[in-house]
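J.: Have a look at the structure that comes next, please.
The values are calculated or read from the model by the stated rules, or taken from the named source; none is laboratory data. Values in this document were obtained by computation on a predicted structure and should not be read as measured data. Counting neighbours? That spans all protein chains shown, and the Cβs are built from the backbone with ideal geometry, glycine included.
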Amino acid sequence: MRYSSRVRRSTTLADIARLAGVSTSAVSLALNGRVGVSDDTRARIVEIAENLGWHPNAPARALTGRPVAAVGIVLRRPARFLGAEPFYMSFLAGLENQFSKLGSSLLMHIAESPAEEIATIRRWAAERRVDGLVLLDLRVNDERLDVIKYLELPTVVVGDPAHAAGLPAVWTADADAVRAAVHRLSQLGHERLAWVGERSDLAQTRIRTDAFIEACASAGLPTPRILETDSSSASGREATTALLSHARRPTAILFDNDLMAVAALGAARDAGLDVPADVSLVAYDDSILCEVTSPPLSALSHDVHSYGAHVAQLLLREVQAAGSTTSELDATPEFVERGSTGPAPA
C-alpha cells in the first residue's frame, strides 16, 4: 500500500495511527525504536510515516522519552581499508538507515591506536556528545568494555556475547557457519584445508579459527594450515601465494573476508592453478564482489545491511531504557556455493 508523498506540516501520530489501524501509543513505540509492537506492524507504521513526510519533533520526543541525538562508533581501521571493505560500508549503511529515521546522527571517529579509541569514548561521554555507542571489532579481553561499563554509556556490542562482558550484543553464529563449510568441503573430497584469518585478538576471528580447527578434527582431516593477516587484499594475495607454493598445498582455502578471497583468485592464476579444479576458495560475509568475479566466489553469506539495522534497533531500545535489553542472535551465515568450489583434485 502506498500513500501520498506530499509533505504535510500538520501530520501527527494520530494521523499515522488512523492509517495503520493501530493506537497512537503503538505508533510512538514503533517510531522510537521501542519494544511492544511486532516487526510487521513497525515496518507498516514506518512506511506510512515516511510517505506522509513525517519527521520526529525533538521537543516532543524529549517529553515522551530520552531523545537520541547522536550515536557514536570508533573504528581502529585505516580509512583506505574502510572504503575498500564491503562489510563496513554495508554495515554502516544499515546503522545510518535506522538512526536517520528518528532524526539521530551517526558520529564516527577513526582511531590509530587502542589508547586513542578509549580517549575518544571518554571524551564523548564527558562532553555528552553521544547518547549511545556501537562497539565494533570486538576483541578478546577487550579493554574498552571496562571503560564503557564505568562510564555507564548505553552500548551495543557487535560480536559474540561470550566476549561482551555482560553488555547487550548482536552477533552471528560464526562457529556454526564455519563448521557447515568444512563439512561441505569434506563431502567434496577435500582433505588438505587452510584458513586465512585476520588478527587472532579479534573475537570473531578467534571464534571462526577455533571452529575451523575443531571441524577439521571432527571430520578426521589432517591438521589444517592457519595464516594470520591484516585482512587487506594485498595480505590475502600474499598469504594465498605462500599456501599455494607449499609442497603439499591445500586443495581448499577459507578466508576471513571477501576482500582477501577476491585477491586469492589472482594469486591462484599467477601460480598457474585453476579455480576450482586445482583449489577451491571460500569467502566470509559475501558481497557483490563475490558475484562478479570469475569464477564467482562461494561464500558464508549473511545480510550485512540488515545486521547493522538490527544493532541500531537494539541500541535505540538500550538508550531509552538502559539495562533492559538482552543480547540477540542476528543470523547464521549460509554457505552459498558458487563457481569457486568444486570436488577435490584427484
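J.: Among the listed residues Asp270, Asp278, Asp286, identify the single one that is over 14 Å from Thr240 (Cβ atoms) and out of contact with any Leu (no Cβ under 6 Å at 6 or more places or on another chain). Give the steps one after another, and end with the answer.
T.: Values: Asp270 fails: over 14 Å from Thr240 (Cβ atoms); Asp278 fails: over 14 Å from Thr240 (Cβ atoms).
None of the other options fit; the residue is Asp286.
J.: Considering only residues that are of a type outside the set (Val, Ile, Thr) and surrounded by 20 or more Cβ atoms within 10 Å (Cβ to Cβ), look in region 318-334 and name the one that is farthest from Leu153 (Cα to Cα). Break it down into steps so the answer makes sense when it comes.
T.: Here is the first cut: in region 318-334, the residues of a type outside the set (Val, Ile, Thr) are 318, 320-324, 327-331, 333-334.
After this cut, where a residue has to be surrounded by 20 or more Cβ atoms within 10 Å (Cβ to Cβ) as well, the list is 318, 320, 330, 333.
Working: Glu318: 10, Gln320: 12, Asp330: 23, Pro333: 30 Å.
Among them, the one singled out is Pro333.
J.: Also: Ser200 versus (1) of a type in the set (S, T, N, Q); (2) over 22 Å from Ala252 (Cβ atoms); (3) at pLDDT below 95: which is the lone unmet condition?
T.: It is condition (2) that Ser200 fails.
J.: Which ones in region 266-290 are under 20 Å from Pro86 (Cα atoms) and crowded, with 22+ Cβ neighbours inside 10 Å? Lay out the reasoning, then the answer.
T.: Of the residues in region 266-290, the ones under 20 Å from Pro86 (Cα atoms) are 266, 281-290.
Correct list: Leu281, Val282, Ala283, Tyr284, Asp285, Asp286, Cys290.
J.: For region 217-259, which positions are farther than 25 Å from Arg80 by Cα, crowded, with 16+ Cβ neighbours inside 10 Å and either charged (D, E, K, R) or out of contact with any Ser or Thr (no Cβ under 7 Å at 6 or more places or on another chain) (or both)?
T.: Selection gives Pro224, Arg225, Leu243, Leu244, Arg249, Pro250.
J.: Okay, moving on. In the list Gly53, Gly83, which residue meets the criterion of being of a type outside the set (Asp, Glu), at pLDDT below 75 and under 30 Å from Asp286 (Cα atoms)? Reasoning before the result, please.
T.: Details: Gly53 fails: under 30 Å from Asp286 (Cα atoms).
Among Gly53, Gly83, only Gly83 is of a type outside the set (Asp, Glu), at pLDDT below 75 and under 30 Å from Asp286 (Cα atoms).
J.: When you go through (1) at pLDDT below 95; (2) outside the structural domain of His183 (by TED's automatic domain parsing) one by one for Val336, which number turns out not to apply?
T.: Result: Val336 fails condition (1) only.
J.: Kindly check whether there is at least one residue in region 139-159 that is farther than 24 Å from Ala119 by Cβ, touching a Leu at 6+ places or on another chain (Cβ under 8 Å) and surrounded by fewer than 22 Cβ atoms within 10 Å (Cβ to Cβ).
T.: Let us first name the residues in region 139-159 that are farther than 24 Å from Ala119 by Cβ, namely none.
No, region 139-159 contains no residue that is farther than 24 Å from Ala119 by Cβ, touching a Leu at 6+ places or on another chain (Cβ under 8 Å) and surrounded by fewer than 22 Cβ atoms within 10 Å (Cβ to Cβ).
J.: Within region 183-201, is even one residue assigned to a loop (DSSP other than H, G, I, E, B), closer than 23 Å to Gln313 by Cβ and either touching a His at 6+ places or on another chain (Cβ under 7 Å) or not small (Gly, Ala, Ser) (or both)? Break it down stepwise before answering.
T.: Residues of region 183-201 that are assigned to a loop (DSSP other than H, G, I, E, B), as a first pass: 188-192, 198-201.
From what's left, closer than 23 Å to Gln313 by Cβ: none.
No, because not a single residue in region 183-201 is assigned to a loop (DSSP other than H, G, I, E, B), closer than 23 Å to Gln313 by Cβ and either touching a His at 6+ places or on another chain (Cβ under 7 Å) or not small (Gly, Ala, Ser) (or both).
J.: Taking region 118-139 only, how many residues are under 17 Å from the mean Cα position of the chain (by Cα) and of a type outside the set (Lys, Arg)? Explain how you work it out, then say what you get.
T.: Narrowing region 118-139 to residues under 17 Å from the mean Cα position of the chain (by Cα): 133-139.
Pick out the ones that are also of a type outside the set (Lys, Arg) and you get 133-138.
Looking only at that region, the number is 6.
J.: Considering only region 70-166, give the helices (runs of 4 or more DSSP H) lying wholly within it that have at least 1 residues that are under 30 Å from Ala263 (Cα atoms). Walk me through how you get there before you give the answer.
T.: Values: elements: 79-84, 86-101, 114-127, 143-151.
In region 70-166, the matching helices (runs of 4 or more DSSP H) lie at 79-84, 86-101, 114-127.
J.: Within region 20-37, work out how many residues are more than 20 Å from Gly323 (Cα to Cα), in a helix (DSSP H, G or I) and modelled with pLDDT of 75 or more. Talk me through it step by step, then tell me what you get.
T.: The initial filter retains those residues of region 20-37 that are more than 20 Å from Gly323 (Cα to Cα), namely 20-28, 31.
Imposing the further condition that a residue be in a helix (DSSP H, G or I) reduces the set to 20, 24-28, 31.
Now restrict to residues that are modelled with pLDDT of 75 or more: 20, 24, 26-28, 31.
Looking only at that region, the number is 6.
J.: Could I ask something else about it? Just to be sure, is Ser327 modelled with pLDDT of 95 or more, hydroxyl-bearing (Ser, Thr, Tyr) and in contact with a Ser or Thr (Cβ under 7 Å, 6 or more places away or on another chain)?
T.: Details: modelled with pLDDT of 95 or more: yes; hydroxyl-bearing (Ser, Thr, Tyr): yes; in contact with a Ser or Thr (Cβ under 7 Å, 6 or more places away or on another chain): no.
In short, no.
J.: Now a separate question. Just the residues that are touching a strand residue (DSSP E or B) at 6+ places or on another chain (Cβ under 8 Å) and closer than 19 Å to Ile226 by Cβ, please, taken from region 181-196. Quick ask: steps written out before the conclusion?
T.: Of all residues in region 181-196, those touching a strand residue (DSSP E or B) at 6+ places or on another chain (Cβ under 8 Å) come to 181-182, 184-185, 188, 190, 192-196.
Within region 181-196, Ala181, Val182, Leu185, His190, Arg192, Leu193, Ala194, Trp195, Val196 qualify.
J.: Could you give every pair whose Cβ atoms fall below 6 Å, whose first residue belongs to region 326-337 and is more than 16 Å from Asn257 (Cα to Cα), and whose second residue is crowded, with 18+ Cβ neighbours inside 10 Å and among the polar types (S, T, N, Q), counting only separations of at least 6 or pairs across chains?
T.: Asp330/Thr172; Ala331/Thr172
J.: If you go through region 113-138, how many residues are touching a helix residue (DSSP H, G or I) at 6+ places or on another chain (Cβ under 8 Å), touching a residue at least 40 places away in the same chain (Cβ under 8 Å) and more than 21 Å from Ala321 (Cα to Cα)?
T.: Total meeting the criteria: 3.
Yes/no matrix, rows are residues, columns are (1) without any contact (Cβ under 8 Å) to a residue 24 or more places away in the chain; (2) more than 30 Å from Ala309 (Cβ to Cβ); (3) assigned by TED's automatic domain parsing to the domain that holds Asp274; (4) out of contact with any helix residue (DSSP H, G or I) (no Cβ under 8 Å at 6 or more places or on another chain):
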site	(1), (2), (3), (4)
His190	no, yes, yes, yes
Arg199	no, no, yes, no
Leu202	no, no, yes, yes
Asp210	no, no, yes, no
Arg225	no, yes, yes, no
Met260	no, no, yes, no
